[in-house]
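First comes the structure, then the notes that go with it.
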Amino acid sequence: MARVTVEDCVLKVPNRFELVMVAAQRARRIGTGAALTVDRDNDKNPVIALREIAENTVEVEALKEDLISSHQRVFPMDDDKDDVIEDMQGEEEWSALVAEANAGFSSSEDFSDDDDDDDAGIDDIAGYSKEDE
């Protein structure tokens, strides 16, 4: 990469990490067909993006906002809309299924062992006993 271009850009964007992120975003936009604001001069998109930042032909704040919005997964809703989602789709059906499943189960059920066998072992549970040998 052209050192002169990076040194010129650091004067415009002092944080090098931020400079890389903004220049990469601009290079992506150039790659998708955005109009160039400087001559190409047989340079690749990242170098063109750095030259544009160094020459102040693109607005850095707009690139920052574009970068942030491209990474957002949740978009803020407009406050003037009256459309409020009260329940998620399918929530009523799920609640009915849970209530139905809970109706068949009572917490007062006794899960104690009704067998009087005190010598029941693992073999009795598995259906295997020494008598089968």
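Each peptide in 90-100, 16-26 was scored by the mean count of other Cβ atoms within 10 Å over its residues; highest first, the order is 16-26, 90-100.
The label-point distance for SER70 and ALA99, in a model that sets each label 7 Å from Cα toward Cβ, rounds to 4.9 nm. Put simply, the stretch 3-71 fits an ellipsoid with semi-axes of 16, 16, 10 Å; these come from the alpha carbon gyration tensor as the roots of five times its eigenvalues, largest first.
What is the dipole size for the stretch 3-71, taken about its Cα centre, with +1 at each Lys and Arg Cβ and -1 at each Asp and Glu Cβ, in debye to the nearest 20?
On the way: 10 positive and 12 negative charges, 53 e Å.
The calculated dipole for the stretch 3-71 is roughly 260 debye.
Laboratory data are not the source of any read-out in this text; all were calculated from the coordinates shown. This one's a predicted model, so the numbers in the text were calculated from it and none came from an experiment. Glycine gets a Cβ as well: all are built from the backbone with ideal geometry, and neighbour counts include every protein chain shown.
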